[in-house]
Amino acid sequence: MNPTIDKTESIEKVSIPELEKKGRITKVVIIVSKGTLESVYAGLVLANGALMEGIQADMFFTFFGLQAVTKAHADHLHTGTVGNPAFMPAIPTLVAGLPGFEAFASYMMRKEMDKLDMPHVTEFLQMIEAGGGEIYACKLAADMFHLKKEDFVDEVKDIITVGDMYALAEGEGTHFIFI
């Protein structure tokens, strides 16, 4: 037997002041673990948006996400074409894996981003730092990939442990975003 819903009951609406009493987001810690153009930009856009809304934003780059904050790769990231079912769904995966296709797709993505006047990765990192955001590299991943402080862009405040990253989240109103 299916329970029935009494349509005469009203749904209680929560007003905005009541939501504010429940707690406001005061800080986000954005963990970027992938080094693809689309993943890194997702993190950068979220951090910048948080700062524009008056929310503290800290970024923690780990594993392949570290590429985004290295001097050698920051402005040379690629679009993930293979294994990305949302990327050009009409094109078979086999085509996405052909030599040169990823470079072509990355070029096209950057071209579209330029039309929207989106900043390059290094410029975005500078904007985030200037807006009060903090950018960190993961110690474990940096050690694993043999990266030192001088390998990273100047906006990387420090190379920290996971424990240090959790300490960044101290206080009420902090949320983690994992990309």
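Here's the yes/no breakdown for (1) acidic (Asp, Glu); (2) at pLDDT 90 or above; (3) under 18 Å from the mean Cα position of the chain (by Cα):
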residue	(1), (2), (3)
PRO89	no, no, no
LYS115	no, no, no
PRO119	no, yes, yes
LYS139	no, yes, no
Can you tell me how many residues in region 24-77 are under 16 Å from ASP158 (Cβ atoms) and among the aromatic types (Phe, Trp, Tyr)? 2
Selected residue [at pLDDT below 95, closer than 21 Å to VAL29 by Cβ and surrounded by 14 or more Cβ atoms within 10 Å (Cβ to Cβ)] from PHE152, PHE124: PHE124
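The values are calculated or read from the model by the stated rules, or taken from the named source; none is laboratory data. These figures come from a predicted structure and were not determined experimentally. We place every Cβ from the backbone using ideal geometry, glycine too, and count neighbours over all the protein chains shown.
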